[in-house]
Amino acid sequence: MINVKNLNKIYPGHIPVHALKDVSFDIPRGQFVAIMGPSGSGKSTLLHQLGLLDEPTSGQIFLDSIDVSKLSDRKRAAFRLRHLGYVFQEYALIPELNAIENVFLPLMLLGMKRREYIRVAGELMSHVGLAERLNHLVSELSGGEQQRVAIARALVNNSRILLADEPCANLDTENKGIVLKLLRKLCNEMGQTILMVTHEPEQREFADRVLWLRDGRLEKEELIDKESQKNALLNIYRTDISSDPDFLK
Amino acid sequence: MREIWNDITSALFLFYKYVTRGSKGTLILTIIVATLAFLEINIISGILSSAIDQVYLQTKASYVSNIVIQPGKDQWGNNEQYIKQVSQVKRRIESIPGIIAASSRYSCGAVIEYDPDKTGRETRSVSWPVESINPDEERRVSDIHIHLVAGEYLANADRDRIILGREISGGYGANLELQSLKGARVGDEIKVYYVNGIVRKYIIKGIYSTGFPLADMSIFVTENEMESVLNIHDRASKILIKTDESYPEEYYISMLRQAGLNTQDINPWISFIGIVIGLTQTFGIIKNILLLIGLMVSGVTIFIVIFIATTARKKQIGIMKAVGMKDEIVILSYVMLAFFYALLGICLGIILLELVFKPYFAANPLIFPIGKVPLTTNPAELILSIVSMLIVSLIAGFIPSWRIARQNIIKAIWG
């Protein structure tokens with residue numbers, strides 16, 4: 001699904017910064033991977049390369065066997081639109097659009113018919129527990145709700161790969177729980193491949209596997225057993241979601 | 001093709017949301033500036049155009065009509081003093097289709113003396129040609145008879161009566177003090193010393209004011225009176241010709257030549273306003289400068305608004321690109337916004353121009369030295385200003401949005 005070979009990223013400048021050094025790994029379809037490491041270890045840089053937001057200095061990235069590391073800007077944009085979903089650290093929504101408009105925007109860009117993209121976006125909004133908030137402006141949503149809208153937008157193009165850059169960084173405990181459980185659910189039930197950057201150790205237990213980075217190198221890998229995952233789902237970030245009947249049905 | 005259409009509809013969607021959900025204050029202020037720029041371009045240039053048109057209209061209506069025939073040279077190459085056999089010449093002129101009327105005038109140099117209290121202590125005099133008219137004929141080529149501000153127009157039988165232009169009488173808002181009798185009124189007596197030595201006394205029968213200084217600097221007696229002064233008959237110093245203006249003056253001049261007026265000097269009205277032509281050229285330059293300034297004001301305003309909007313939304317634009325939106329859609333949405341600002345400014349400007357400013361200036365025309373000037377708009381100039389403003393808005397929308405849209409996504413989102 002995702003194959004990364006000898007990936008290097010050097011930011012030029014007076015003192016060039018070697019942000020990624022010969023990083024290589026494979027991720028099979030449907031795996032939830034947490035990327036962890038101290039600040040400056042290259043977590044976000046790695047995610048930017050995988051999300052085609054930036055070009056690696058050298059090395060190769062294969063997404064579904066397609067070498068995406070050398071695509072032109074235009075093709076990268078088309079690839080992002082059709083095959084990738086990206087959730088940003090901050091609630092990266094467009095303030096002039098309401099919740100459902102933010103979600104259906106990628107489908108509109110893909111040329112889907114209006115009736116169809118409204119239906120698909122509406123279903124996804126229900127899926128993330130925001131069926132009642134479709135027409136609310138971004139400013140009328142809480143941080144957690146905004147991040148769930150962002151997740152719905154990342155999924156709306158039926159992408160197989162979801163990239164999340166510290167999606168819980170600005171959320172309170174309850175909303176952290178909601179977002180992480182939603183990501184876990186997407187992986188379990190929809191076979192979504194998820195790469196999530198986080199610096200909070202307890203969040204790694206929602207994942208199947210953890211890639212530890214240090215100084216731009218892949219330092220170690222860790223597999224999370226099912227028991228830890230179950231424990232995380234039950235005990236970490238305990239949330240009262242009874243008021244949200246559609247959520248995690 | 002479908003992809004292009006989809007890009008346009010996506011840009012339209014974003015543009016619509018920027019307008020409906022963006023800052024209403026910014027929207028209103030930008031449209032107001034665009035409206036003011038449009039009005040600045042069109043009101044000032046409209047007034048200047050109107051002033052130029054007014055000069056042309058008044059020259060034809062009150063000064064020299066459409067065409068003037070003057071004596072040419074005789075068979076030995078000497079300048080003739082008069083056009084001979086004028087009655088016959090006028091009949092020939094009026095037989096040409098499209099020529100409405102012809103009116104002959106004598107012109108004779110004179111000194112006009114005015115002694116208001118008849119004591120000789122405050123005698124005022126001016127040296128100026130006195131012209132003669134056939135009042136009935138003249139009514140058909142000039143509108144002086146409708147511009148009397150005091151007294152009456154001349155009658156054919158009048159012999160000791162004279163009418164003066166406002167500038168000669170020196171009253172009724174006259175501006176040219178040096179060539180004025182400084183307050184001669186209807187009923188007052190003036191003495192005219194003709195260059196041939198004849199001296200006549202006249203009662204001022206009327207004073208006219210067309211508002212056009214060149215036309216208001218004339219002195220008229222009747223044709224019969226002038227023929228007795230000059231002791232000649234059936235001649236003229238010039239013939240004024242009124243056409244129906246279905247063709248340019250040059251066409252009628254060629255028809256006059258074909259009708260046998262080969263020796264006379266024939267000129268269109270424009271030849272008699274040499275001084276004013278310089279003024280109209282200056283007005284033209286001023287109009288172009290104002291057009292440029294107006295376009296710059298609206299262009300820079302829209303540029304700043306789009307620049308601020310795109311800079312403030314830099315992160316948002318980065319996110320849209322991260323989602324997969326093409327640069328072209330981002331740029332197009334802002335170009336549409338800039339175009340919309342300009343279009344609304346233009347529409348509002350046209351409404352104000354037609355419903356407020358034009359009626360106001362029609363009721364309260366500006367008083368220029370060349371006469372009263374209302375506000376008129378030339379359709380070609382109006383269209384030019386509209387098209388120019390729209391083109392400027394497209395450029396003003398494109399540059400800042402292109403600048404932001406081509407930025408690296410990472411930089412746009414995280415700075």
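Just so you know, all these numbers are worked out from the coordinates, no wet-lab data involved. Bear in mind that the values here come from a model prediction, so they are computed numbers and not experimental data. Cβ sites come from the backbone with ideal geometry, for glycine too, and all protein chains shown count toward neighbours.
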- Pop a pseudo-label 7 angstrom from the Cα along the beta-carbon direction at both B:Asn79 and B:Asp234 and give the gap in nm to one decimal. 2.6
- Message: Skipping prolines and chain starts, which residues have an amide H placed within reach, meaning under 5 Å, of the one on A:Glu219, given they are 5 or more residues away or on another chain?
- Response: A:Trp212, A:Leu213, A:Arg214
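Kindly flag which residue pairs out of A:Lys43/A:Lys226; B:Lys321/B:Lys411; B:Lys17/B:Lys315; B:Lys205/B:Lys238 have an alpha-carbon separation exceeding 21 Å in this structure. The partial results should precede the final answer.
Values: A:Lys43/A:Lys226 25 Å; B:Lys321/B:Lys411 12 Å; B:Lys17/B:Lys315 17 Å; B:Lys205/B:Lys238 24 Å.
In this structure, A:Lys43/A:Lys226; B:Lys205/B:Lys238 lie more than 21 Å apart at Cα.
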- Within the stretch B:122-199, report the GluC sites (Glu not before Pro) that DSSP leaves as loop and that have at most 16 other Cβ atoms within 10 Å. B:Glu122, B:Glu152
- Message: Let me test this: with uniform point scatterers at the alpha carbons of the stretch B:72-263, what is the Debye-based log₁₀ I(q)/I(0) at q = 0.10, 0.16 1/Å?
- Response: -0.44, -1.02
- Counting alpha carbon pairs within less than 8 Å and at least 6 residues apart, what relative contact order, in whole percent, applies to chain B? 27
- Under Karplus coefficients 6.51, -1.76 and 1.60, residue-wise ³J(HN,Hα) of the stretch A:176-192 in Hz, glycine/proline x: 4, x, 4, 5, 5, 5, 5, 5, 4, 5, 4, 5, 5, 9, 10, x, 6
- Those lysines that a straight Cα-Cα span of less than 29 Å connects to B:Lys287, excepting residues fewer than 8 apart in one chain: B:Lys60, B:Lys358, B:Lys372
- Task: Compute the separation of the alpha-carbon centres of the stretch B:25-86 and the stretch B:165-240 and state it in Å as a whole number.
- Result: 26
- Lys and Arg at +1, Asp and Glu at -1: add these up for the other residues within a Cβ distance under 12 Å of B:Tyr208 and post the number. -3
- Query: With each pseudo-label sitting 7 Å past Cα toward Cβ, what's the B:Arg139-A:Asp73 distance in nm, one decimal?
  - Reply: 7.9
- Message: Around B:Lys326, under 10 Å between beta carbons, what's the net of Lys plus Arg minus Asp minus Glu among the other residues?
- Response: -3
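Mean separation of Cα pairs under 8 Å and 6+ residues apart, divided by the residue count of the stretch B:72-263: what relative contact order is that in percent?
On the way: 389 pairs, mean separation 59.1, N = 192.
About 31 percent, as a whole number.
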- Query: Counting only DSSP beta bridges with both residues in the protein assembly as shown, what percent are antiparallel, rounded to the nearest 5?
  - Reply: 70
- Item | Distant alpha-carbon pairs in chain B (separation over 37 angstrom), percent | 47
- Message: Spelling out what I want: for every residue of the stretch B:368-374, take phi, set θ = phi - 60°, compute 6.51 cos²θ - 1.76 cosθ + 1.60 (Karplus), and round to whole Hz; glycine and proline get x.
- Response: 9, x, 8, x, 7, 10, x
- Any number yet on Rg/Rh for chain A, C-alpha, Kirkwood? 0.96
- When Cβ neighbours within 10 Å are restricted to other protein chains, what is their mean count per residue of peptide B:321-334? 5
- Task: Measure off 7 Å from each Cα along the Cα-to-Cβ vector at B:Ser246 and A:Glu222, then give the distance between these two points in nanometres to one decimal.
- Result: 10.0
- Dividing the alpha-carbon radius of gyration of the stretch B:286-415 by 2.2 N^0.38 Å (N being the number of residues), what value is obtained? 1.41
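Have a look at the DSSP beta bridges in the stretch A:102-249 and tell me what percent are antiparallel, nearest 5.
Bridges in the stretch A:102-249 that DSSP calls antiparallel: roughly 55 percent.
Taking the DSSP beta bridges in the stretch B:72-263 as the whole, what percent of them are antiparallel, to the nearest 5?
Rounded to the nearest five, the antiparallel share is 80 percent.
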- Averaged over residues of A:93-101, the number of beta carbons from other chains lying within 10 Å of each residue's Cβ is 4
- Task: Rounded to the nearest Å, what's the spacing between the alpha carbon centres of the stretch A:133-174 and the stretch B:372-415? Just the number, please.
- Result: 36
- Could the peptides B:299-306, B:190-197 be put in order, highest first, of the mean number of other beta-carbon atoms found within 10 Å of their residues? B:299-306, B:190-197
- Based on the Cβ-Cβ distance of A:Met1 and B:Lys315, what FRET efficiency does E = 1/(1 + (r/R0)^6) give at R0 = 35 Å, to the nearest 0.05? 0.70
- Candidate aspartates and glutamates - alpha carbon under 18 Å from A:Lys113, same-chain residues fewer than 8 apart omitted: A:Glu101, A:Glu123, B:Glu3, B:Asp7
- Item | Net charge of Cβ neighbours under 12 Å - reference B:Lys411; Lys, Arg +1; Asp, Glu -1 | +3
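Counting residues in the protein assembly as shown as N, plug N into 2.2 N^0.38 Å and put the Cα Rg over that result.
For the protein assembly as shown, the normalised Cα radius of gyration comes out at 1.66.
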- Message: Considering only C-alpha atoms, what is the centroid distance from the stretch A:79-119 to the stretch B:91-140, in Å?
- Response: 84
- Task: Can you figure out the FRET efficiency of B:Ser271 with B:Ile304, using R₀ = 56 Å and their beta-carbon distance, to the nearest 0.05?
- Result: 0.65
